[in-house]
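This report concerns only the one structure given below.
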Amino acid sequence: MTAQSLIELSKRTYEIVPQKPPVDPARLEYKNFKDTPDWRRIPAYADVTEEQFLDHRWQSKKSITRPDKLLEALRDLVSEEFIKDATEGFARAPMSVRVSPYLLSLIDWTDPYRDPLRTQFIPLGSRFLPDHPKLGLDSLHERADAPVPGLTHRYTDKALFLPLDTCPVYCRFCTRSYAVGIDTEEVEKTHFKVDEERWRAAYTYIASRPELEDIVVSGGDAYNLRPEQLRSIGETLLGMPNIRRIRLATKGPAVMPQKILTDDEWIDAVTYISDLGRKLHKEVAVHTHFNNPNEITGITRDAMQKLFGRGIRVRNQSVLIRGVNDDPETMKLLVKRLGHLNVQPYYVYVHDLVKGAEDLRTTVATGELIEKHVRGSTAGFNTPTFVVDAPGGGGKRDVHSYEFYDRVTGISVFESPSVKPGQKYLYFDPIDRLPDEGRARWADPREHQVMIDEAMRAVS
Ligand SMILES: *Cc1c(COP(=O)(O)O)cnc(C)c1O
Ligand code: SF4
């Protein structure tokens with residue numbers, strides 16, 4: 001039967017009764033991303049050729065690692081007021097700086113105060129909020145659950161291995177600001193340098209634990225591992241009979257997708273590990289970290305297609321960040337755009353309690369609200385789980401699963417029976433987002449313990 005006669009037949013048998021009009025393709029915004037960013041708008045890159053811009057070596061070499069150099073590159077693009085504001089921001093921030101020309105070219109410099117990429121990487125003095133009184137460095141107690149420096153074994157069957165402490169970018173909101181990057185005026189860090197002896201100690205521990213099946217290789221960032229280091233980590237871990245899964249965590253695809261397209265040795269090393277895993281019937285995945293739909297361009301698409309073509313599974317973990325993705329429309333767009341590129345949205349983390357980043361945090365209620373909008377907008381397997389990584393080492397908890405939540409004091413209480421049975425974990429919403437009554441109570445130090453006692457009583 002020809003297609004035409006089939007249509008004729010179906011016309012006779014069925015009448016199509018549209019229940020809703022087709023969507024105007026112009027409204028499928030997730031498909032309409034920038035093909036290539038316009039780097040020539042930035043005076044420092046006005047003469048840069050496309051070939052240079054698409055080359056990871058040029059991007060790495062030209063990445064800016066000093067605040068004064070960064071501000072110098074922006075001088076003709078932004079107001080004097082903005083430069084002063086950012087200078088003050090860097091002086092107060094406990095973070096290292098590294099931004100690629102690619103990242104700078106994605107920022108809307110006509111409106112830098114509101115740009116979601118600027119917000120993530122360039123601190124501003126005028127936006128600073130005092131840290132929450134209950135905040136501490138390493139709020140997740142990664143070091144407390146570490147049998148070997150740089151190896152956190154918190155959950156029974158999986159562990160986090162930090163082979164190095166550098167990243168292709170430094171994020172203001174980094175949970176691991178206790179370790180990554182160089183020492184800053186504010187913080188002296190615990191360093192996890194590439195150190196084969198330390199790696200060997202981690203391997204010995206991992207091999208000695210039959211219950212460990214799953215290793216997250218993070219850092220720092222796997223983008224900064226040399227190809228032979230990647231291969232050696234992959235071979236060692238996949239060679240252990242107890243290990244069934246490994247993940248390579250990297251923010252690289254979001255900040256320098258060029259590397260996937262032009263660093264053949266590096267991408268071949270990732271492919272080698274992935275293929276080796278498949279041969280051994282073990283799963284190897286790349287976990288990346290996009291936070292805003294503007295971080296996705298035609299270069300990202302090409303890079304993700306290359307990974308997909310090589311059979312490499314990519315998942316994404318986002319952080320819920322104020323002014324970056326803390327509204328339903330932006331998060332839905334990010335999730336749809338990632339799914340479109342075969343990147344599976346895995347987690348959205350409610351922002352950890354991180355020093356110097358209070359202006360970036362949102363409330364647990366915001367997480368719940370956005371989750372409600374995202375679920376149903378696309379495939380269930382492309383719908384991220386919204387989690388709170390319970391401060392104090394309770395592990396990741398579904399944002400909806402609190403035992404108690406007071407939206408006035410912003411205190412939520414979580415339990416984590418399969419990680420630390422019997423214990424309670426507290427999360428604290430940012431104070432400036434609380435109603436007047438909550439803000440007034442936090443302004444009075446005598447009230448702090450009273451509020452915590454109230455929350456603990458409610459769950460006992
Ligand atoms: C997040 C994390 C893992 C991995 O947890 P998943 O929920 O499987 O992604 C493992 N160890 C530590 C310490 C972690 O923080
Ligand atoms: S890339 Fe990851 S580990 Fe590195 S600074 Fe950013 S959030 Fe932290």
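Below is a table of values for the structure above.
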| quantity | calculated |
| --- | --- |
| Those residues of segment 272-281 which are under 30 Å from Cys171 (Cβ atoms) and not aromatic (Phe, Trp, Tyr), in sequence order | Ile273, Ser274, Gly277 |
| In segment 191-224, the residues that are within 22 Å of Gln317 (Cα to Cα) and in a helix (DSSP H, G or I) | Ala222, Tyr223, Asn224 |
| Near pairs, Cβ below 8 angstrom, 6+ apart or cross-chain, from segment 319-341 (within 16 Å of ligand 1 (Cβ to nearest atom)) to any residue that is assigned to a loop (DSSP other than H, G, I, E, B) and among the hydroxyl-bearing types (Ser, Thr, Tyr) | Leu320/Thr362 |
| Some residue of segment 319-327 being more than 16 Å from ligand 2 (Cβ to nearest atom) and outside any loop (DSSP other than H, G, I, E, B) | no |
| Qualifying position, being of a type outside the set (A, V, I, L, M, F, W, C) and touching a residue at least 60 places away in the same chain (Cβ under 8 Å), among Thr385, Thr363 | Thr363 |
| Residue check, Ala159 modelled with pLDDT of 95 or more and buried (at least 20 other Cβ atoms within 10 Å of the Cβ) | yes |
| Which numbered condition Leu353 fails, given (1) more than 27 Å from Ser318 (Cβ to Cβ); (2) among the aliphatic types (A, V, I, L, M); (3) touching a Leu at 6+ places or on another chain (Cβ under 6 Å) | (1) |
| Selected residue [under 20 Å from the mean Cα position of the chain (by Cα), within 16 Å of ligand 1 (Cβ to nearest atom) and either basic (Lys, Arg) or modelled with pLDDT of 90 or more (or both)] from Arg176, Arg118 | Arg176 |
| Failed criterion for Leu280 (all others in (1) surrounded by fewer than 21 Cβ atoms within 10 Å (Cβ to Cβ); (2) farther than 25 Å from Tyr155 by Cα; (3) away from ligand 2 (no atom under 16 Å from the Cβ); (4) not aromatic (Phe, Trp, Tyr) hold) | (2) |
| Top-ranked residue of segment 248-268 - restricted to ones that are surrounded by fewer than 22 Cβ atoms within 10 Å (Cβ to Cβ) and without any contact (Cβ under 8 Å) to a residue 60 or more places away in the chain, ranked as nearest to Gln344 (Cα to Cα) | Ile267 |
| Odd one out for Tyr405 among (1) farther than 28 Å from Thr288 by Cα; (2) under 22 Å from the mean Cα position of the chain (by Cα) | (2) |
| Any chance Asp432 is out of contact with any Ser or Thr (no Cβ under 6 Å at 6 or more places or on another chain), closer than 23 Å to Arg176 by Cα and surrounded by fewer than 18 Cβ atoms within 10 Å (Cβ to Cβ) | no |
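Rundown of residues vs (1) modelled with pLDDT under 95; (2) surrounded by fewer than 19 Cβ atoms within 10 Å (Cβ to Cβ), yes/no style:
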| position | (1), (2) |
| --- | --- |
| Ile321 | no, no |
| Pro328 | no, yes |
| Tyr349 | no, no |
| Gly367 | no, no |
| Gly393 | yes, no |
| Val408 | no, yes |
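The values are calculated or read from the model by the stated rules, or taken from the named source; none is laboratory data. As the structure is a computational prediction, the values presented were derived from the model and not from experiment. No Cβ is skipped: glycine too gets one built from the backbone with ideal geometry, and neighbour counts run over all protein chains shown.
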